[in-house]
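Shown next, in structure tokens, is the structure this report addresses.
The values are calculated or read from the model by the stated rules, or taken from the named source; none is laboratory data. Small disclaimer: the values here were computed from a predicted structure and weren't measured. So basically every Cβ, Gly included, is an ideal-geometry build from the backbone, and we count neighbours across all protein chains shown.
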Amino acid sequence: MTSLLDGLVVASYGKRFGVEIKSDDGESRVISCVTRGKKTDLACGDQVQVRMTSPNEAVVEKLKPRQSLLYRSNSMRSKMLAANVTQVIIVLATTPSFYEELLNRCLLAAETANIRAVIVLNKCDLAMPRLCWPDWNPTPRWVTPYKRYQHTRTSHHCGNGSRVRSASW
């Protein structure tokens with residue numbers, strides 16, 4: 001009987017999972033894994049222990065405790081998205097305008113799982129060109145309810161040439 005190897009779930013394909021394992025020489029590789037029975041309650045980011053069944057395949061024998069679990073749900077069902085997440089970065093474009101309800105759903109999911117959320121407002125130069133100037137720092141009205149989250153603005157074009165620029169609200 002082969003020993004158990006530690007691994008990290010890096011992909012999910014229905015009832016199959018891509019699990020990254022490290023070999024004795026320190027090299028990482030991804031192997032195809034299944035769970036026992038019909039159990040498919042794994043998410044990307046899960047730490048697992050697997051037993052090799054062939055050189056490129058294994059069976060997940062044990063799921064290690066999770067630090068966090070990010071999932072989405074609606075009135076019919078929920079779906080696990082990722083485990084052991086430490087931070088969520090939500091990128092919104094100012095043009096075209098973003099869907100505020102989606103932002104709220106993302107923030108709620110992060111808060112429910114105790115995951116730090118960061119809001120990035122992208123393309124700020126298209127909606128409000130003066131946002132690119134460092135001496136002009138007003139807070140857009142829509143930002144007020146979200147001030148308690150870490151946030152930043154970004155822009156690729158900032159008036160005098162092309163460069164990436166970032167500023168906090």
Problem set entry | Subset of the range 9-31 (residues that are surrounded by 15 or more Cβ atoms within 10 Å (Cβ to Cβ) and among the small types (Gly, Ala, Ser)) | SER12, GLY18
For this session: Pull up the range 92-123, narrow it to residues that are of a type in the set (S, T, N, Q) and not in a helix (DSSP H, G or I), then point me to the one that is surrounded by the most Cβ atoms within 10 Å (Cβ to Cβ).
Result: THR94
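Condition check ((1) under 15 Å from LEU81 (Cα atoms); (2) in the same structural domain as ALA110 (by TED's automatic domain parsing); (3) among the aliphatic types (A, V, I, L, M); (4) touching an Asp or Glu at 6+ places or on another chain (Cβ under 9 Å)) across all residues:
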| site | (1), (2), (3), (4) |
| --- | --- |
| GLY14 | yes, no, no, no |
| ASP25 | no, no, no, no |
| VAL34 | no, no, yes, yes |
| ALA43 | yes, no, yes, no |
| GLN47 | yes, no, no, yes |
| PRO55 | no, no, no, no |
Exercise. Hey, does the range 74-93 have a residue that's over 30 Å from LEU107 (Cα atoms) and small (Gly, Ala, Ser)?
Worked result: no
Seminar exercise, completed: The residue that is nearest to GLN67 (Cα to Cα), considering only those in the range 7-53 that are among the charged types (D, E, K, R) and modelled with pLDDT of 95 or more, is ASP46
Exercise. Looking only at residues in the range 49-91 that are among the aliphatic types (A, V, I, L, M) and either in contact with a Phe, Trp or Tyr (Cβ under 8 Å, 6 or more places away or on another chain) or in a loop (DSSP other than H, G, I, E, B) (or both), which one is farthest from GLY37 (Cα to Cα)?
Worked result: VAL85
Exercise. Any residue at all in the range 98-106 that is farther than 23 Å from PHE17 by Cα and basic (Lys, Arg)?
Worked result: yes
Exercise. Restricting attention to the range 32-48, and to residues there that are hydrophobic (A, V, I, L, M, F, W, C) and in a strand (DSSP E or B), which single residue is surrounded by the most Cβ atoms within 10 Å (Cβ to Cβ)?
Worked result: CYS33
